[in-house]
Amino acid sequence: MEALFEQLKGYLNMDTEIAFDEFDTYYKEVLKHLDAEWQQLSEEDTMKMLFILDNLKSNAEDRAKRKSKEAKKYKKMFDRTSIWVQAMFKRLRDFGLSDEEIGQRYEALYEAV
């Protein structure tokens, strides 16, 4: 989990955009981790995963709007990450966090990156 978060931090601090192959590989690593571990994620790790997924979702959405051969693949990534974002929100609420608390913690993560 921490490796995925650190990798995202590196991507967010880059001046250039990563290529489709690297984006796809990272996306698949995140989904593989979720498939195996999502029910065991701690509150902190769930928050980090929400941050990762939200960034993947917004980037996939932006790239899906472009006229490229990968646009459909990005659209599928956007759809799937959107579902996972909702699942992470539900999980955080199940931990007892309010939407306001989730927003504050998300903002703190964003500022730290």
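None of the figures in this text is laboratory data; all of them are computed from the coordinates on show. As the structure is a computational prediction, the values presented were derived from the model and not from experiment. Every residue, glycine as well, gets a Cβ built from its backbone with ideal geometry; the counts of neighbours run over all protein chains shown.
At-a-glance table
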{"quantity": "Of residues in region 61-92 being over 20 Å from HIS33 (Cβ atoms) and of a type in the set (Gly, Ala, Ser), the one surrounded by the most Cβ atoms within 10 Å (Cβ to Cβ)", "calculated": "ALA64"}
{"quantity": "Helices (runs of 4 or more DSSP H) enclosed by region 32-113 - at least 2 residues per element that are in contact (Cβ under 8 Å) with a residue 60 or more places away in the chain", "calculated": "43-64"}
{"quantity": "Where MET14 falls short, out of the listed (1) farther than 18 Å from GLY103 by Cα; (2) assigned to a helix (DSSP H, G or I); (3) not aromatic (Phe, Trp, Tyr)", "calculated": "(2)"}
{"quantity": "Residue tally, condition touching a residue at least 24 places away in the same chain (Cβ under 8 Å) and not aromatic (Phe, Trp, Tyr), over region 3-23", "calculated": "5"}
{"quantity": "Residue in region 19-31 that is of a type in the set (A, V, I, L, M) and loosely packed, with under 12 Cβ neighbours inside 10 Å present", "calculated": "yes"}
{"quantity": "Of the criteria (1) surrounded by fewer than 16 Cβ atoms within 10 Å (Cβ to Cβ); (2) out of contact with any Ser or Thr (no Cβ under 8 Å at 6 or more places or on another chain), which one PHE95 fails", "calculated": "(2)"}
